[in-house]
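See structure below.
Please treat every number below as a calculation from the coordinates, not as lab data. It should be emphasised that the depicted structure is a prediction, and the values quoted were computed from it without experimental measurement. Virtual Cβ from ideal backbone geometry, glycine too; neighbours counted across all protein chains shown.
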Amino acid sequence: MGLRHMARRCGLPGFLRLRFAALALGASAAALAATEPGCTSGATGPSQVCPPGETCDVRLTLLHTADIHSRIFPYDLQILQVDSQLGLGTLDEVKNVGGVARVSYVVNRERARADRVLHVDSGDIFEGAPVFNYFDGEPEARASSMMGTDVMVIGNHEFDDGAINAVRQMQKWADFPLLAANYAFPAAGTAKDPGLDTILKPFMLFNLEGLRVGVIGMANFSSLGSVFQQPNSLGIMPLNTIETAQGYVDLLRPMVDVVVVLSHLGLDVDERMVQGTTGIDVVEGGHNHIVINPPQTIQDCTADPSSPGYVWAVNPNIPFDPSHPVYDPADTLHQHPNSFRRFCTPRNVLISHSGAFSKYVGRLDLMLSNDPKRASPTGNPDDYDPTNGFEIVSSTYVPYPIDDTVPDDPNIDNLLLPYERYLDQTVDLELLAGFSPQGASRTAPQGGDSPMGNLISDSMWLRLGVQTDFAMTNTTGIRTDMIPGPVTIEEMFNIFPFNNTITKMQLSGTEVQNMFDFIAGRSQSRGCVSQAQIAGSRVILNCSGCSRGGANANCDSDDQCIGGVPGSCIDGSGNDCLPGEQCTCDVSACAEQIYIGYLSNCGPGNPNCVCTADKDCPDNLQGQCDTSASQGSGGSCLAPLVLTNVYDFATSNYLAAGGSGFKVLQDNTTQLNTYIEQRDAVIDFIRNAPPCGYSTSYGTNEGLMACSTDADCQGAQGPGADFVCACPGQVNATGTTTSQTCITSGSCDPNVGRCVRQDCRDDVATFHETACQSSPNTSQCNTDLDACSLAGEECKLLSCVDESLGALTDNRVEMIGR
Amino acid sequence: MNRAGFSLAALAAIAILGPGCTAASPTIGGGKRLVVELTNGNLGTPDQPLPISVVQPTTFTVNITAELPDGSTDTSFNGYVNVIAQPGSVSNLDITNIQLQNGVYQSLQVPVVAAFGETHIWADDLGYTPAPPNRNPPPECANGIDDNHNGLIDYPADPGCYSPTDDTEDLGTYASGSSDTIYFQLPRIQLVRGYDPADNGNGNKTLFPNTQVSIDTGWRGGSTYDFSTIVIGLTSAGFYVQDLQSDENPAPGYGGVYAYNFETPAFMRVCDRVQVLSGTSSDFYGFTELNYPTWQLEYWDPTQRPCLVPEPTVLGVADLNNDNTLWQNEATLVRVESAGTVTVTIASHFGPEDVPIVNGNYVPSDDASNCDYDHDGKINYADAASTPSEANCAAVCTGNGLTNPPTDYDCSEYSQYASENDFFFVVTDSSNNSKARIQGDASAADLFDPVSARGSVIGAFTGLVSYFSGGTQFTIQARCQDDVVPDRNTAPATSNVACVHPRTSSAINANSQ
């Protein structure tokens, strides 16, 4: 057996939890390092890994999961390029993947196949599937415990039902240590203290048969912008990432052989943390949902990448106000007065990310050595620092795909069964909302509006009781693509897991301009990919500058510049503007054109504002002629934004509250929460749509072509689609439970026979047959179900989720300067 | 929240954590290990690394010894161990699993290929005992019997089964060890791109698929460079670098590569010189990329040295009709230009309306080159039997690379432009009545509208060559407005000034709601 259960854990108990400013930590830890050589962790564990007086090699195996996001049950996924390259399936196939019972099987198999091993999780086990909406994280925490997770860093989505829920679930169900070294907390028992300090530790020490491993947890800030406002509802006071990481490295180094940082910072912050510190061996990261195969190798001790060899012991660029020691990146007034460098030798550090949604388990094998020659970062034994203990000399990495070939861990299955039954009884997740012939992507090739984004924003905009001038939701709130085939309620939860509601408000034209300028800046910093999806509006976002006046205006602070993006007000040297300096705005992105609604009268020559090109519209502005719905018959002129107008606007309550940095919305005082959930609005929007092949010209109640045989359906509507005659009782199943093919038989009464998409009938029949797989009598279940007949009848009614419903890209968000 | 508080906490922590410090005699962990000792072969040095070879192996001799925790030889061990090279691979599959006798294997010859940088030979006891898959009786891990009585049967259920050919259901010791460092050269960009005449690599496919590679950029420390690798272009999701190959005569080409970074790299500008560059090499739809790149730059200072971005390679009709030439120039700066007998024209059949069908034929026209009949933003290449057929229309308007050119040579399929910004140039040479097509992307040139300019002759179009195996293959991507010269009488900007924009600022990246 592996050594997992022989590992000794050590950590600070709650009453001794570290609550101090990052600077104090660094200085004190350095002092501590000088006085405590070679301590071991654990009262009874072996004290060393090598024979006395000798150096040696030793292997450490890290099993890694991240961002499980409540995907504790298996689910269907359309396999795209990256996943196919990683072995999850064949490109474009829809495959059943994920599930923590399978994850647990692989984790424990690999645990058994390793010597010194830890299973580490990089956080965000909560949120992303309906089970979280109903149980608030309880089954996720219990499953993580049962699979034997050794240590986990808390992710930002653990707070999605509030800090108190995170505390409650983890206190009750997590039997593994939960880390966050870079969070400090208010005084215990005060009104602002939700009790996070009772579940979070800064680090853990493990004794793996004499190999002493320190694991430091670095939690997320980039998606928890509110923590920089004090106090905040989470009761978190942020500590500077680099200062904190270095402080704990220095604290632990005398006691451990290996330092692992378990991170939910995100890859770019992982990189900056490594470059700004010295002494970390490996980072197991999350948050980005990516697999880095093999792990990235990056050098530490490169605070200045063009001049490696030092880190800042005290960084002059880190704001530090002795009277307010909470780190605030926006504080440009307090530059640290006592900066000095700490010299070091750059070493290779590994950064590993192992994907998301329970699709992969990463296995990282590290070959470690404390032989000065082999452990030296330069090959020169003199450059080996014994304080660093064992150094990585080589590594291998395997991301194990979690697909339907992986057996379940029966213990996890048993654990989850009651939750699954409860969900089946209380919410029919397999209820069909529609049929999607081609699916709908949440991303757009050109970075602008996406089919899924347009569908969602349209559903908000047109919702009865909302019906505003325009609507907007955030791109990153849409968590996955709609896969081709039957659209279930469960899939809608997966696409839209957050219980956000629709909030209405009135925005002045200036506020609209500011909002889209902010979106442009945020989009520019994320690969020029629009961070907003809209309806009732059209906008052109420029990622490579701003042709509008004021882009280079004089300024005193960032918020005086277009978009208000941090760092946009700079002095003559390109640095952040300090009080008293002559500064100018350096705006790298803005909204160039904004249109809301259509013009109603374009003058005597064009009273209906019809156009085929921008020049046909009175303002002749770029993108003003909207031909997206013209089908070649001419478009309509859009109405340019008027700064003095007032516009009715709908968005999510998350964005209205300033989420994702939308301070411009947070400050608005006209907000009205409709309490209509965004997800419900989308489901209702889909359900109200007609079935595939619908046309009023057919004269039938369903709007579908009447038929007796399949041959009658050859003229049915739907480019590129085959239609068949759906007739109850006159269809045979010829496929398998994993791929059903329905064949029409005989001739049907044209009063009941209707032409439906062939792929709808086959796919819905396959969907139903899958339900029979868990039946004790599969054959009888299939016979009773008569899936093909049922599917044919359903496809007469199921809404068609395709371009006719707005699931297409129509360039309403145009990105230029990519 | 003060230093006193910290010190107290920390000292208390040490008191709790540190009882082992005072132990009278140290205890040794229970893990066994393997010792891999290199006994023969040139190991290279950091200053004199061994040359890389992708096909021809470099052979090393090793002794492998199983050791007990106290450092003595485990003479009871007669199991198999797995031998690998990292990075690289062992080319002789017969020795990837070798059996130790009495805890020792002497003088194992290990041929290593595709190794680079700091390489180690590993040995692992995986608990694997190889057996022929068709043996009778079958191997323990494929015989349907719970041989080790742990309640689990065969591969993959029993974790002791490494594969179906494993002849024991027992777990290994998972003892492992690695050799001293062997120093190989780092690969230059052309090798990462796949160009290696010695190993028949033609540059179409990376020689290091899904491998973390560090590139030899020519930097030798301080201000010493054997050759230069320069940033030649930035995009919204990464950057292009080119090995100038100034030390090679003739330069082989294949010197450019794209580093995919998800976002514009922070604090970088065209003309920077790369000192360190690493990333995961892979072919994304045929286009070689470095994923998750890390880098170290010598920031370009105009007062210290000139900008070293090379002038673009001017491609003529023959070049555009030769895939090998285009491969050679992948990820480097190229230009098509109207000069002398050569004329570069934007395809004239290029507009948003659907391509009409006339007498069963797809007939694009000036305003009608859209084959996306269902307006879902993509071409359905599987609907050839339907009418209208997006696939058949695309065959007329777009074709597929050089082997299947379009029927309408002057067509630029509109949905491709709407979704990807791509459009076609037609390049003709009146001196020999030859012509070629190449796809362009001017999305980074805000002021240039190719639809409005359809059918017109342009002066020059410069950009970086990308490749996509799933469609029309090669594309020239303009870097900025400087790269597009509509007027035939205007000279393009030289490379030391074209698209040399100010340094990028910091970037944020997150995955919030």
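Before moving on, here are some points about what is shown:
- Chain A: relative contact order in percent, alpha carbon pairs under 8 Å with at least 6 residues between: 12
- Placing unit charges on each Cβ (+1 for Lys and Arg, -1 for Asp and Glu) gives the protein assembly as shown a dipole about its Cα centre, and among A:Pro202, A:Ser233, B:Pro159 the Cα reaching farthest toward its positive end belongs to A:Pro202.
- Simple label model, 7 Å out from Cα along Cβ direction - B:Thr387 to A:Tyr134, nm: 5.1
- The Stokes-Einstein estimate for the range A:653-710, based on a Kirkwood radius over Cα pairs and taken at 10 °C with 1.306 mPa s viscosity, is a diffusion coefficient of 104 µm²/s.
- Cα-based shape type of chain B, given that a ≥ b ≥ c are square roots of the gyration tensor eigenvalues and the cut on a/c is 1.5: prolate
- Which of B:Tyr195, B:Tyr414 has the fewest Cβ neighbours within 10 Å, and the rest in rising order: B:Tyr195, B:Tyr414
- With a 10 Å cut-off around each Cβ of B:375-381, the average count of Cβ atoms from other chains is 6.
- Residue order, fewest to most beta carbons within 10 Å, for B:Asp319, A:Asp160, B:Asp243: B:Asp319, A:Asp160, B:Asp243
- Lys-Lys pairs in the protein assembly as shown that are eight or more residues apart or on separate chains and whose Cα atoms lie under 29 Å of each other come to 19.
- Peptide A:105-114 - average C-beta neighbours from other chains (10 Å radius): 4
- The relative contact order of the range B:254-351, computed from alpha carbon pairs under 8 Å that lie at least 6 residues apart in sequence, is 29 percent.
- The protein assembly as shown: C-alpha gyration tensor shape, a/c 1.5 cut-off, then a/b vs b/c: rounded
- Crossing angle, helix B:3-17 versus chain B [Cα axis fit, 0-90 degrees, rounded to tens]: 50
- Order of A:Ser307, B:Ser469 under a 10 Å beta carbon neighbour criterion, fewest first: A:Ser307, B:Ser469
- A straight line joining the Cα centroids of the range A:224-293 and the range A:456-509 runs 33 Å.
- Summing Lys and Arg as +1 and Asp and Glu as -1 over all other residues whose Cβ lies under 10 Å from the Cβ of B:Asp422 gives a net charge of -3.
- Taking a Cβ cut-off of under 13 Å around A:Leu621, the surrounding Lys, Arg, Asp and Glu residues balance to a net charge of -3, with basic ones at +1 and acidic ones at -1.
- Counting Cβ atoms of other protein chains within 10 Å of each residue's Cβ and taking the mean over peptide B:441-447 gives 4.
- The range A:737-818: C-alpha gyration tensor shape, a/c 1.5 cut-off, then a/b vs b/c: oblate
- Sum of -39500 (n - 2.57) over DSSP H runs of 4+, divided by residues of the protein assembly as shown (222 nm, nearest 500): -5000 deg cm²/dmol
- B:Val55-A:Thr644 pseudo-label distance in nm [points 7 Å out on the Cα-to-Cβ vector]: 7.7
- Working from Cα pairs under 8 Å separated by at least six residues, relative contact order for chain B is 10 percent.
- Each Lys and Arg adds +1 at its Cβ and each Asp and Glu adds -1 at its Cβ; summed about the Cα centre, the range A:157-281 shows a dipole of about 300 debye.
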